[in-house]
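See structure below.
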Amino acid sequence: MKATTLLTLAFIGSIAGLQAQEKAPYILQGTLSGLPKNPKGKLFLQRYDSDLSLDSARIQQGSFRFKGTTEGPEMANLFYINAAGERSETLDFYLHKGNISIKATLGHLHEAAIRGSALNADAKSFDTAHKTILDSVNALTSAYFKAEEILSQDSFRMDSPARATINKIDVDLNKWSAQLSQEQADYVAKNPNNALSLFKLQRLLKDTANQQLVAGLYEKLNPTLKNTPVGQELKDQLANLENLKLGDLAPEFALADTTGKQINLSDFRGKYVLVDFWASWCVPCRVENEHVQKAYDAFKDKGFEVLGISTDMMLSSWKKAVADDGMTWTNVVDPESKVSGQYHIKSIPSNFLLDPTGKIIGVNLRGESLYEKLKNTL
């Protein structure tokens, strides 16, 4: 009888889980002002971080309407493309079941008023409360992108003035980003029943160094939130990173270096080694190479090595970047991203610092933090 009861409960639980993820209807409607008379363009609804549009709508007498289903809540965005194919700025918001109303003006979409959505209201309140931090992050990010473009135009030259500019911006950006991460973590801790907490955890997990912080906060979430698609996605991401946390033995791999020789991670046992993921086309990576070089020069005689892993598909570009940046440490290439996938790399530069036994003792140590970590360790 006891076994039967457990099976019944398991079946009911599985059905409840399926029901929780069934698609639910939404209606998204509103007004868009600031358009020319008889506009020929369209308003597009798109999932966040996707190139595929969910839907599009003509603006009729200043109004629009979308109707569909979502497993929601999920991040989405709206943007307008005119008859000439020119795209407007984007409104990022949260799409979920029910009726959502938007009042927006072309050229100021990010200032749109959203009604009928507690989730979007909570997001607005968070942004308002942390306006100084968010404005600073946005301004510095914009300046960073401009400096990146200049460095790229300078062919990543070591004497490009853009390198110093990027390094300075990076210091300030890291400071403000750390503050934002702390505020996001505090919000989740105080609001375990709020759907916005799911998305704050998603943002925190973009930096795998936050894995253990996110795992602890996730465990305290309302079970209903955990059972949403976003909640399940977070669970899967955390499971994938389970063997990549501090104290874990780094996964073994073998890749070819610039001469074609196979290099094994285990070849570096007995030394501290930085497993550094980068690419020749990645501007932040090329700037970060300066900091890796500084650490390598300072500690290579004290048992420190670097194993650079490029995700380049063009081997000639990879080898040129190794030479141009003066990377005298071991470099291997991962053109099919097998090792990058093994380490669940979502963005570069990313790195893992290993101790002489191969255990992870640092994650994403960038800028001066790598040098300071080694100085305190060796």
Rounded to whole Hz, the Karplus (6.51, -1.76, 1.60) HN-Hα couplings of the range 131-137, x for glycine and proline: 4, 4, 5, 5, 4, 5, 4
Among N376, G358, S347 the positive-end extreme of the charge dipole of the range 338-378 (Cβ point charges): S347
Backbone HN-Hα couplings from phi across the range 174-185 [Karplus 6.51/-1.76/1.60, Hz, Gly and Pro as x]: 5, 5, 5, 5, 5, 5, 5, 4, 5, 5, 5, 5
Would you calculate the separation in nanometres between label points at R269 and Q232, each defined as 7 Å from the Cα along the Cα-to-beta-carbon direction? 4.1
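Any chance you could list the semi-axes, whole Å, largest first, of the equivalent ellipsoid that the Cα gyration tensor gives for the range 302-378, using √(5λ)?
Result for the range 302-378: semi-axes of 23, 16, 11 Å.
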Extended-chain gain in nm, criterion 0.36 nm per residue less alpha-carbon gap, A239 and T90: 50.4 nm
Under 5 Å, built H, 5+ apart or other chain: amide partners of A256: I263, V333
Percent of Cα pairs exceeding the 22 Å cut-off, where the set is the range 232-358: 34
Residue-count net charge about P25 - beta-carbon cut-off 12 Å; Lys, Arg +1, Asp, Glu -1: +1
For I27, placing the label point 7 angstrom along Cα-to-beta-carbon and taking the range 52-85, residues whose amide nitrogen sits under 15 Å are 64-69
Treat the range 127-244 as a sphere of radius equal to its Kirkwood radius over Cα pairs and apply Stokes-Einstein at 20 °C in a medium of 1.002 mPa s; give the translational diffusion coefficient in µm²/s, rounded to a whole number. 134
For the range 23-117, the convex hull over Cα atoms projects on average to an area in nm² of 5.5
Of (1) 23.7; (2) 26.0; (3) 24.2, the label for Kirkwood radius over Cα pairs in Å derived from the coordinates: (1)
What is the helix-to-structure angle for 283-299, meaning the angle in degrees between its Cα long axis and the longest Cα principal axis of the chain, kept from 0 to 90 and rounded to the nearest 10? 30
Pick from S181, S142, S337: which residue has the top mean-square fluctuation in a GNM of the chain where Cα pairs under 10 Å get a spring? S142
Which residues does the label zone of L246 cover in the range 332-374, counting backbone N under 11 Å from a point 7 Å along Cα→Cβ? 361-363
Can you give the calculated 222 nm mean residue ellipticity of the chain, where each DSSP H run of n ≥ 4 adds -39,500 (n - 2.57) and the sum is split over every residue, rounded to the nearest 500 deg cm²/dmol? -13500 deg cm²/dmol
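Where a number appears in this text, it was derived from the coordinates with a stated rule and is not lab data. Everything numeric here is computed off the predicted structure, so don't read it as measured data. Note that we place each Cβ from the backbone using ideal geometry, even for glycine, and neighbour counts take in every protein chain shown.
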